[in-house]
Every structure is written in structure tokens, then in C-alpha cells.
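Remarks on the structure that follows.
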Amino acid sequence: MGVSLLLHNTFGIEAEASEFLEYHSEDELRHWISEGVFRRRPYFCIGQGSNLLLTRSRYDWTFLHSAIRSLEVTKESPEHVHVRVGSGVVWDDFVQYCVQNGWYGAENLSLIPGEVGAASVQNIGAYGVEVKDLIDSVETLDVQGVRRVYQASECAYVYRGSIFKSPSMKSVFVLYVNFRLSKQPHYTLDYGNVRQELEAYPEVTLENVRRVIMEIRKRKLPDPAVWGNAGSFFKNPVIPRMQYERLLALFPQIPSYDVDAERVKVPAGWLIEQAGWKGKTWGKVGVHDRQALVLINRGGASGSEVVELAEAIQKSVSERFGIDIQPEVNYL
């Protein structure tokens, strides 16, 4: 009899695993290593499954989950605070803790689902902020019991990626993430309509910025408890400026964000909507009617159905705009 993974992925895909284990400390993970867990069968470390698409109905694997949920201040100055956070801490709980303590930097990442360990692997981001900007270091343990601390500069952070996502790092598990946050007022407000929505509040505060970010996200993104989803399904493509200028001549309304002198980021949601996919149903899956970047499980869908829809959207966008959009969600 397998272990259901239904409650371990926000897409609401039903699948089974041979084994599901949690570790509450580094010592407990070392115990599983000594017990030979990693020699029995293939293994995979899962968070809340908020950025994961299960494409099989059965995995003869061991799934591991971090339940390390400690949080401690390790260093503090008038300007900054350094916080060591367990990989199993719910990401938004950490953001809320930062806001309550007057620590600046994480508020724009409010309400992003998942856990701290996965956030450091995926390099989550929203509204002009990426988690890499807050990370000092990542503490890890591999299946041989070797402990290593990766400084942020060693993590090879890029847009929605890091060294931890490479196949060669499959045997490495995140234990703790060390963050450096500001104690001095500092906001990032010029992405999307954040600044505009803040005008409804008497002043700009951490609490109000968090409140606005949460309101925006709730309006745009469906509740996984109602429609299974993994949030933004595709990455926003970064294209050469010359290609963007050619597209601008054809599509004057195309939105963009400058990356550097040579590159421009284009919202994938806009491309998908313009290709006619917003609100479309595809069997048991579909595209959300308020945010074209979100694919939803309309009930009882399989992972392969989601993949089929994603591939159809990719083909359509490529044919219309000459842009290849890539999944942000990890297929398993």
C-alpha cells in the first residue's frame, strides 16, 4: 500500500509514493542516512509541493520532507538583523514574522506558498524582489552525511533557479537558510500597481505593503483549495532588446521590464492571454480566467493533462510571438 501525495502538492494531483519520511532536525536526517534510506530506492525531497507537478500516478520512491521549523536571530546591528530559519518553516509565516518585528526586505514576497528551504532552491520572487537578495547563506547536508554551507555567491542564483536545482545537487538537502534583513525603512514599490494601491492607505508601512501585496495576490490567484494550481506556471521570458523592439512595432501594447541594456523581460501572462488562452478549458484542466499565467486543475486531472495543456500553450505563444516560454513549475 502506497502513501498518498494528494495533500503534498497544491495542484491536487492524486499520486502514490512507496514511502514518506519527515526529519525534524539535522540529527534525524543523519539517522535516516545511517538507516540506508537513500540506498533502498530513488528519493526526492519535497516541500509543500507548491511548485511541483506530479506526472505519474505511482512513484516507487522515498519522499522526504523537512520539518525543521526553528527561527533564531544570530546577529544584529542598528542597520541589519541576521536570522537563521529552518527549511521546514512556512515561507509566509516567516514573512509575517519579519513584518511584525520591523525587518524590511521580505514583505513583497508575502503569500507566496511553500517553505523556506524550497524558496532558497527556487529563488522565489515577486513585485521586484527575489529571495536571493535577502539570503546570506544556505546550510546543507548530503546523502553521504557531508555538511556544507553555501554562501549566497556560491548558490549561482538566477531568475527562478539556483545551483540546488541542477541534477548533480539531487543528493543535497537544505537544513537552514540564513537571511540578512534591513532594520532601516526600505521599500520596493514600483513594480505592478503596488504604489498605486498603497495610495488607499494613510502611510507606507511594512504592514500596509504586506496587506496590499496580499490583496493583489488574492485577486489574481485562485485558492488551491478551490482550484488546484501551482501559482505562476511559466517563467516570464527574457528576450534580446532587438527582438522586443520588432515585437513592439507589431504589438504596441506589449508590456515589458528592462533587465539590462541588451535584454527585456516580457510578462508570460500577457503573451498567453493575447494568444487566446485566458479562461480556456482543456478537459479536466484549464487556464485561470483572471490570470492567464495560472493553470488550474478543474477536478480529477492527471499531471499528464496539465503537461498537454502547457505544451499547447507554449506552441501557440511561439507561433504568434516567436518567444519560447518555459515552465516555472518543476515536473516530476
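The values are calculated or read from the model by the stated rules, or taken from the named source; none is laboratory data. None of these values were measured; they are calculated from a predicted model. No Cβ is skipped: glycine too gets one built from the backbone with ideal geometry, and neighbour counts run over all protein chains shown.
Taking the condition at pLDDT below 95, of a type in the set (S, T, N, Q) and over 21 Å from Ser168 (Cα atoms), does Ser50 pass?
In short, yes.
Touching an Asp or Glu at 6+ places or on another chain (Cβ under 7 Å) and assigned to a loop (DSSP other than H, G, I, E, B) - does that describe any residue in the stretch 149-167?
yes
If only one of Leu295, Leu271 is touching a residue at least 40 places away in the same chain (Cβ under 8 Å), assigned to a strand (DSSP E or B) and outside the structural domain of Ser162 (by TED's automatic domain parsing), which one is it?
Leu295
Filter the stretch 168-201 for residues that are touching a Leu at 6+ places or on another chain (Cβ under 7 Å) and part of a helix (DSSP H, G or I); which is surrounded by the most Cβ atoms within 10 Å (Cβ to Cβ)?
Only one residue tops the list, namely Leu198.
Please go through the stretch 232-264 and give me each residue that is within 28 Å of Ser110 (Cα to Cα) and either in a loop (DSSP other than H, G, I, E, B) or outside the structural domain of Val317 (by TED's automatic domain parsing) (or both), ordered by number.
Scanning the stretch 232-264 gives Phe233, Lys235, Asn236, Pro237, Ile254, Pro255, Ser256, Val259, Asp260.
Here is a list of conditions, (1) touching a Pro at 6+ places or on another chain (Cβ under 8 Å); (2) farther than 30 Å from Gly299 by Cα; (3) modelled with pLDDT under 95, and Gln196 meets all of them except one; can you say which number that is?
The failed condition is (1).
Report, by residue number, each residue of the stretch 298-315 that is crowded, with 17+ Cβ neighbours inside 10 Å, farther than 24 Å from Gly161 by Cα and touching a residue at least 24 places away in the same chain (Cβ under 8 Å).
Passing the criteria: Ala301, Ser302.
Which numbered condition trips up Asp223, out of (1) more than 30 Å from Glu16 (Cα to Cα); (2) exposed (fewer than 15 other Cβ atoms within 10 Å of the Cβ); (3) outside the structural domain of Ile323 (by TED's automatic domain parsing)?
All conditions are met except number (1).
Which residue out of Tyr127, Tyr157 is modelled with pLDDT under 95 and closer than 21 Å to Asn236 by Cβ?
Only one candidate qualifies: Tyr127.
Checking Ser120 against (1) touching a residue at least 60 places away in the same chain (Cβ under 8 Å); (2) outside any strand (DSSP E or B), only one condition comes out false. Which one?
(1)
May I ask you to list the residues in the stretch 1-19 that are under 23 Å from Leu295 (Cβ atoms), in a loop (DSSP other than H, G, I, E, B) and either free of Cβ contacts under 8 Å to residues at least 40 places away in the same chain or hydroxyl-bearing (Ser, Thr, Tyr) (or both)?
Scanning the stretch 1-19 gives a single hit, Thr10.
For the stretch 74-102, which positions are closer than 16 Å to Glu139 by Cβ, free of Cβ contacts under 8 Å to residues at least 40 places away in the same chain and either over 17 Å from the mean Cα position of the chain (by Cα) or exposed (fewer than 15 other Cβ atoms within 10 Å of the Cβ) (or both)?
Scanning the stretch 74-102 gives a single hit, Lys75.
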